[in-house]
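The values are calculated or read from the model by the stated rules, or taken from the named source; none is laboratory data. For clarity, every value in this text was computed on a predicted model and none was experimentally measured. Positions of Cβ are generated from backbone atoms using ideal geometry, with glycine treated the same way; all protein chains shown enter the neighbour counts.
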Amino acid sequence: MKHIPNILSVLRIPLSISLLFMTASPVLYIPTYFVCGLTDVMDGYLARRFHWETKFGAKIDSIGDFVMLGSVFSSIFFVMKIKLERYMLLMISAVATLKATNLVLTRIKFKQWNAIHTIAGKLFNIPLFISLPVCMLVGAGNIPKIYMDVLFTALICGAALVVFEETLIIIRLKEYDANTKSVFMIKNKK
């Protein structure tokens, strides 16, 4: 039973990759997408609820999150052919660079590759998670460009805030804790 969270995290990786091959079929894509999201929610919940947390589980969860996010953004940009303004691409590049910097900082400071799981990160995932199936069902081409621009600008700004908070947490932590909920809730052992 204690391996269920790790199994869910590992399962998210091939499911996320399969999303790239399902974009032409919302009937396949959307249920698989929701299963990926469910594994993301349930792995952490079960691990914390039943004290099944492991270092391997934290690492594989971070990898699963990275692969899913990469597949989702690849679906949006390359497969659904949603056109982004130049400033949006620059913002996405900045957020991705800061996220990569956070991983390197975590490696240097705490001698591990891992990601922080904050409340802001979880809250940000809600509109991100809902937006893709809505765009897919309605058809991105049927949504006025101004609405798509506002949606993606808001999502990119939300991602920027989440990643910036992660940076502050990594800088302030003395001992690594992947489950630090907020920059305001840092628990450094003395």
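Scanning the stretch 153-164 for residues that are surrounded by fewer than 20 Cβ atoms within 10 Å (Cβ to Cβ) and touching a residue at least 40 places away in the same chain (Cβ under 8 Å) yields a total of 6. Is it the case that the stretch 87-102 has a residue that's more than 13 Å from ALA160 (Cα to Cα), surrounded by 14 or more Cβ atoms within 10 Å (Cβ to Cβ) and not polar (S, T, N, Q)? No, the conditions are met nowhere in the stretch 87-102. Within the stretch 131-152, identify whether any single residue is touching a residue at least 12 places away in the same chain (Cβ under 8 Å), in a loop (DSSP other than H, G, I, E, B) and not assigned by TED's automatic domain parsing to the domain that holds SER16, and answer yes or no. Scanning the stretch 131-152, I find no residue that is touching a residue at least 12 places away in the same chain (Cβ under 8 Å), in a loop (DSSP other than H, G, I, E, B) and not assigned by TED's automatic domain parsing to the domain that holds SER16, so the answer is no. Evaluated against (1) free of Cβ contacts under 8 Å to residues at least 40 places away in the same chain; (2) surrounded by 14 or more Cβ atoms within 10 Å (Cβ to Cβ), PRO127 falls short on exactly one condition, (2).
Just checking, does the stretch 47-69 include any residue being outside the structural domain of THR167 (by TED's automatic domain parsing), aromatic (Phe, Trp, Tyr) and loosely packed, with under 15 Cβ neighbours inside 10 Å? Break it down into steps so the answer makes sense when it comes.
Pass one, the stretch 47-69, residues outside the structural domain of THR167 (by TED's automatic domain parsing): 47-69.
Still in the list and also aromatic (Phe, Trp, Tyr): 50, 52, 56, 66.
Those left that are additionally loosely packed, with under 15 Cβ neighbours inside 10 Å: 50, 56.
Checked the stretch 47-69: at least one residue is outside the structural domain of THR167 (by TED's automatic domain parsing), aromatic (Phe, Trp, Tyr) and loosely packed, with under 15 Cβ neighbours inside 10 Å.
When residues of the stretch 84-113 are filtered for being in a loop (DSSP other than H, G, I, E, B) and touching a helix residue (DSSP H, G or I) at 6+ places or on another chain (Cβ under 8 Å), how many remain? Let's see the steps before the verdict.
The initial filter retains those residues of the stretch 84-113 that are in a loop (DSSP other than H, G, I, E, B), namely 84-85, 111-113.
From what's left, touching a helix residue (DSSP H, G or I) at 6+ places or on another chain (Cβ under 8 Å): 84-85, 112-113.
Counting residues in the stretch 84-113 that are in a loop (DSSP other than H, G, I, E, B) and touching a helix residue (DSSP H, G or I) at 6+ places or on another chain (Cβ under 8 Å) gives 4.
So how many residues does the stretch 1-44 have that are part of a helix (DSSP H, G or I), over 19 Å from SER62 (Cα atoms) and at pLDDT below 90? Of the residues in that region, 1 qualify. Scan the stretch 1-53 for residues that are closer than 16 Å to VAL72 by Cβ and of a type in the set (D, E, K, R) and the total you get is 2. Of the listed requirements (1) in the same structural domain as LEU155 (by TED's automatic domain parsing); (2) at negative phi; (3) out of contact with any Gly (no Cβ under 7 Å at 6 or more places or on another chain), HIS117 misses just one: (3).
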